[in-house]
Amino acid sequence: MQESGKNPQHIGIIMDGNGRWAKQRGLARKFGHREGAKAFQKIVEYCYDLGVPYLTFYAWSTENWARPKDEVDAVMNLLRDYLNRDLSKIRQQVRMRFIGDRGALPQDIQQKMAEIEEKTASFTRTTVNLAVNYGGRAEIAAAARRLAQQARDGALDPADIDEALISANIGTAGQPDPDIILRPSGEKRSSNFLLWQGAYAEMIYMDVLWPDFTPRHLDEALAEFSRRNRRFGGI
Ligand code: IPE
Ligand code: IPE
Ligand code: MG
C-alpha cells in the first residue's frame with residue numbers, strides 16, 4: 001500500500017468521449033478518435049514535464065470489439081500510426097509499455113509494441129502504459145491461469161498465493177497502484193479499467209470530452225486530488 005502523499009505516483013486515465021466530440025461537430029466517430037490521439041500526446045508531454053512517474057491510458061477495452069468494423073479499423077490504424085512515429089524525433093524520453101491481451105491484435109502492431117518497449121526500456125522519468133485490448137477482469141483471470149499452471153507444475157504452493165503475487169502477475173507488475181483514476185466525458189463508472197490496481201485510487205470524474213482535455217484539466221484533477229483525504233481503511 002502507498003503513502004497518502006500529495007504527488008500522485010501513478011495516474012490512470014480513461015480516454016472517453018471521442019465519439020460524442022465528433023457527433024457534436026457532425027463528424028464520423030473516427031475523427032473524434034483522431035483528436036483523442038492528439039490529446040493523449042499532449043497529456044503525456046505535460047505529465048513528463050511534471051515528472052509523473054507512471055501513467056496508464058485506457059485506449060481500447062476487451063468490450064470495444066463490439067463496435068462497428070469501420071470504427072475498430074480506424075482505431076487500429078491510429079494505433080499503428082502512433083507506433084510508427086519516429087521515436088528519435090520525440091523530445092520526451094518516455095518508457096512505453098503496453099498492457100492488455102496483445103495476442104488478439106494485428107501481427108504488425110504486436111511486433112511494433114515489442115520493439116518500442118525494448119527501445120524505451122531504459123527511460124526512467126515517466127512510464128506510460130497504454131491499455132489496448134485491456135480488461136481488468138481478463139487481466140485477473142490471466143493471472144489466475146498462470147498461477148494455477150505453476151501450481152499444477154509443482155512450482156508454486158497454492159498457500160503462497162497472496163495479493164502481492166497477483167499484483168506481480170498482472171500488466172502493471174512492479175509499478176505502484178494508481179493514486180488517481182480520472183475519467184472525462186461525464187460517465188461515472190470504471191468500465192473494467194484497473195479493477196485490481198484501483199482498489200484505493202481516488203476517482204475523479206470530469207465533464208469534459210477527452211479530445212477537449214488539456215493540461216489545465218489535469219491541473220484541476222491534481223488540485224482535486226490534493227484536497228482528498230485518503231484513509232486506506234484507517235481513521
Ligand atoms: C473512447 O471514446 C475511446 C474508445 C473507447 C476507443 P468513445 O468512442 O467511447 O466515445 P463516446 O463515449 O462514444 O463519446
Ligand atoms: C471505456 O470507454 C474504454 C475506453 C475509454 C478505452 P467505453 O466508452 O467503452 O465505456 P462504456 O461503454 O461507456 O462503459
Ligand atoms: Mg465511451
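Coordinate-derived values only; no laboratory data. Just so it is clear, the structure is predicted and the values come from calculations on it, not from any experiment. Here the Cβ positions follow ideal geometry from the backbone for every residue, glycine too, while neighbour counts run over all protein chains shown.
Within region 99-235, the percentage of alpha carbon pairs spaced more than 19 angstrom apart rounds to 64%. Each of Ser226, Ser122 has some number of other Cβ atoms within 10 Å of its Cβ, and from fewest to most they run Ser122, Ser226. Counting every other Cβ atom within 10 Å of each residue's Cβ, Asp157, Asp212 order from fewest to most as Asp157, Asp212.
Distance between the 7 Å Cα→Cβ label points at Ala155 and Asp207: 5.2 nm.
When the P(r) of region 11-74 is calculated, the portion above 15 Å amounts to 57% of the C-alpha pairs. Taking only the C-alpha atoms of region 35-147, Rg followed by Dmax gives 14.4, 41 Å. Straight-line reach from Lys112: taking Cα to Cα under 18 Å and skipping same-chain neighbours fewer than 8 places apart, the lysines in range are Lys89.
Cross-link partners for Lys42 among the aspartates and glutamates, with Cα-Cα distance under 18 Å and sequence neighbours closer than 8 places in the same chain left out: Asp16, Asp81, Asp86, Asp212, Asp219, Glu220. Over all pairs of different C-alpha atoms in the chain, the reciprocal of the mean inverse distance, the Kirkwood hydrodynamic radius, equals 18.7 Å. Each residue in Glu220, Glu163 was given a count of other beta-carbon atoms within 10 angstrom of its own, and listing them fewest first yields Glu163, Glu220. Its Cα centre serving as origin, region 70-142 has a Cβ charge dipole (Lys and Arg +1, Asp and Glu -1) of approximately 480 debye. Please compute the modelled spin-label separation between Arg216 and Thr124, points set 7 Å along Cα→Cβ, answer in nm with one decimal. For the pair Thr124/Arg216, the computed spacing is 3.7 nm.
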